[in-house]
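Have a look at the structure below, then the notes.
The numbers here are math on the coordinates, done by the rules we state, and not lab data. These numbers come from a predicted model, not from an experiment. Note that each Cβ is placed from the backbone with ideal geometry, even for glycine, and that neighbours are counted across all protein chains shown.
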Amino acid sequence: MSSEYEQYRDKIIEYLKTIGGKGADTTTNIGKAVGLKRRDASKTLAQMEQEGIILATGVTAGVAGYKLK
């Protein structure tokens, strides 16, 4: 059985694949898309970044975004 992290990781990957343009979105939008609270989304995204799955993008108005590596 996969862990909760793995389930959300897979949902986030699928969501980020659907984004046009630069393929990046904010923590809040990613969390909403996969059903996570912002804090839980931040933790999951940080772990994914540490594992090299995603990259942090530039900060606009104090808000960081993420995209697939």
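Worth pointing out:
- Residue within the range 25-36 that is surrounded by 13 or more Cβ atoms within 10 Å (Cβ to Cβ), in a loop (DSSP other than H, G, I, E, B) and touching a residue at least 24 places away in the same chain (Cβ under 8 Å) present: yes
- Selection within the range 14-69 - under 20 Å from S3 (Cβ atoms), touching a Ser or Thr at 6+ places or on another chain (Cβ under 8 Å) and of a type in the set (S, T, N, Q): S42
- Filtered residues of the range 51-69 (kept if among the aliphatic types (A, V, I, L, M) and not in a strand (DSSP E or B)): I53, A61
- Residue count for the range 1-24, restricted to those that are free of Cβ contacts under 8 Å to residues at least 12 places away in the same chain and either touching a strand residue (DSSP E or B) at 6+ places or on another chain (Cβ under 6 Å) or hydroxyl-bearing (S, T, Y) (or both): 3
Residues are listed down the side, and each one gets a yes or a no for (1) aromatic (F, W, Y); (2) surrounded by 14 or more Cβ atoms within 10 Å (Cβ to Cβ); (3) outside any helix (DSSP H, G or I):
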site: E6; (1), (2), (3): no, no, no
site: R9; (1), (2), (3): no, yes, no
site: I12; (1), (2), (3): no, yes, no
site: L16; (1), (2), (3): no, yes, no
site: G21; (1), (2), (3): no, no, yes
site: R39; (1), (2), (3): no, no, no
site: S42; (1), (2), (3): no, yes, no
site: A46; (1), (2), (3): no, yes, no
site: E49; (1), (2), (3): no, yes, no
